[in-house]
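Below is one structure, written out as structure tokens; the observations come after it.
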Amino acid sequence: MTPTTNPEPASVAAADDAGPAPALEPVPEPEDVRRFATERGILVLAHSYQEGFLQECAHFVGDSLELARKAAEADAEAICFCGVHFMAETAKLLSPEAEVFVPDLDAGCSLADSCRAEDLAAYQAHLERKLGVRPTTVAYVNCSAAVKALSDVICTSGNARRIVEALPDDRPILFVPDRHLGGWLQEVTGRELILWNGACSVHELFSVDTLKELQAAHPGAITISHPECPKPVRDASDHVLGTAGMLALVKETRGATFIVGTEGNMLYRFRKEAPWNEYVAAPGASCACNLCPFMQLNTPEKLWRALHERAPRVDVPEELAAPARRALERMLELS
Ligand code: SF4
């Protein structure tokens, strides 16, 4: 799937005469933020879960891996990644020569945090002792570079099924870190997986009871949910799709109402790119907005400051980068 492209995407070569940075306040209109970045050779990327203003500031909008690949293709010398930390790390892995920085270094991820590298290494050793064979570790891309480095192959929500199906059945498979995505993979592939007990704090809170109320209020609506949602929510949905699959479906469908079970800012992108449908956000059990609190740490002001200061930087030590890149390359071979 092609990421959204805002104007002025390609001209990211550093300009010698960019001049001194203007005063930081107020943040200008998105096209001026983008122009400022372009003049300084900075490629701005925004995940689809970022607020609309940040999406409008970006040269490209997409999911984490497609953005990282886009940056590598563009041969960007500097990347400002509006997303969470593991996404910026993935961009750094695929563009090792680029300077990578983010609006807020504290923008982490509950799912990535649920799988620490030292715990994974200990569990892999335990499984090897118990099973007499080292399992193949498949890591969903929503994990740290250190966890990627311990993994045999990476996957996205869009290609996870293909990756698992392509693996030989001579070794057990350990799937990390999302237990809901892993459970869905077991259902659709029929393969038995050993699941890490992690979850996304946004998707885990979708409630099947409120979803059913919404469905009753919108008869005929099409329900789409992310595979990071719990099984009862997935089972009550018409389609279980990653963000790229959702976007493709809403673009090819005309005049429908969609009930959407994923992070709330995704609806901004749907309304922009497929305005001919209606979109209703599925609420969570305890929060009506379904916005990711980590993504929300990135603000227009922090982006504007990061573009001026080219900081805070995200780096991946080479001893982690090399094995993590190998796991990413294995994904490209298998998908
Ligand atoms: S939506 Fe979930 S998986 Fe995505 S960054 Fe937020 S906590 Fe992590």
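The values are calculated or read from the model by the stated rules, or taken from the named source; none is laboratory data. None of these values were measured; they are calculated from a predicted model. In this analysis, Cβ positions are derived from the backbone assuming ideal geometry, glycine residues included, and neighbour counts consider all displayed protein chains. Just so you know, the surface numbers come from the protein's heavy atoms only, side chains and all, with ligands and any DNA or RNA stripped out. Shrake-Rupley method; radii C 1.70, N 1.55, O 1.52, S 1.80 Å.
Farthest towards the positive end of the charge dipole of segment 203-281, among the residues 208, 268, 219, is the Cα of 268, using unit charges on the Cβ of Lys, Arg, Asp and Glu.
Which of the trypsin sites (Lys or Arg not before Pro) across segment 245-325 are loop residues per DSSP, with 11 or fewer other Cβ within 10 Å? Of the trypsin sites (Lys or Arg not before Pro), the ones in loops of segment 245-325 whose Cβ has at most 11 other Cβ atoms within 10 Å are 254.
Restricting attention to the chain, close to 10% of DSSP beta bridges with both partner residues there are antiparallel.
Derived from the Cα gyration tensor, the three semi-axes of the equivalent ellipsoid of segment 91-217 are 25, 23, 14 Å, largest first. Site pair residue 197 and residue 309 shows an inter-label distance of 3.9 nm when each label is modelled 7 Å from Cα along Cα→Cβ. Taking amide hydrogens as placed 1.01 Å from N in the peptide plane, the amide H of residue 78 sits under 5 Å from those of 43, 99, each at least 5 positions away in sequence or on another chain.
About the centre of its Cα atoms, segment 31-160 shows a dipole size close to 580 debye [charges on the beta carbon of Lys, Arg (+1) and Asp, Glu (-1) only; nearest 20 debye].
What is the sum of charges, Lys and Arg at +1 and Asp and Glu at -1, for the other residues whose Cβ falls under 14 Å from the Cβ of residue 328? Walk me through the numbers on the way to the answer.
Numbers: positive: 69, 92, 148, 325, 326, 330; negative: 66, 89, 152, 329, 333.
That works out to +1.
Counting heavy atoms of the protein chains only and a 1.4 Å probe, report the per residue accessible area for segment 203-281 as a whole number of Å². Provide the component values of the computation, followed by the final result.
Details: 3220 Å² over 79 residues.
Using a 1.4 Å probe on heavy atoms only, each residue of segment 203-281 averages 41 Å².
Tell me, what is the FRET efficiency for residue 296 and residue 213 to the nearest 0.05, using R0 = 30 angstrom and their Cβ-Cβ distance as r? The calculated FRET efficiency here is 0.70.
For segment 113-166, what class follows from the C-alpha gyration tensor (a ≥ b ≥ c being the square roots of its eigenvalues): rounded when a/c is under 1.5, otherwise prolate if a/b is larger than b/c, else oblate? Don't skip to the end; give the middle numbers.
Working: a/c = 2.76, a/b = 1.28, b/c = 2.16.
Oblate, since a/c reaches 1.5 and b/c is not below a/b.
Rounded, prolate or oblate: pick one for segment 265-335, where a ≥ b ≥ c are the square roots of the eigenvalues of its C-alpha gyration tensor, a/c under 1.5 means rounded, and failing that, prolate if a/b is larger than b/c, else oblate. In terms of gyration-tensor shape, oblate. An oblate overall shape is assigned to segment 77-117, the ratio a/c of its alpha-carbon gyration tensor axes (a ≥ b ≥ c) being 1.5 or greater and a/b not exceeding b/c. Evaluated over the chain, the count of Lys pairs having alpha-carbon atoms less than 19 Å apart is 4 (only pairs 8 or more residues apart or interchain).
If you take the Cα Rg of the chain and divide it by 2.2 N^0.38 Å, with N the number of residues, what do you get?
On the way: Rg = 20.0 Å, N = 335, 2.2 N^0.38 = 20.0 Å.
Dividing the Cα radius of gyration by 2.2 N^0.38 Å gives 1.00.
By the Stokes-Einstein formula, at 1.567 mPa s and 4 °C, segment 173-231 with its Kirkwood radius over alpha-carbon pairs has D equal to 103 µm²/s. Can you check what the Kirkwood hydrodynamic radius comes to for segment 203-281, Cα pairs only, in Å to one decimal? Result for segment 203-281 stands at 12.3 Å.
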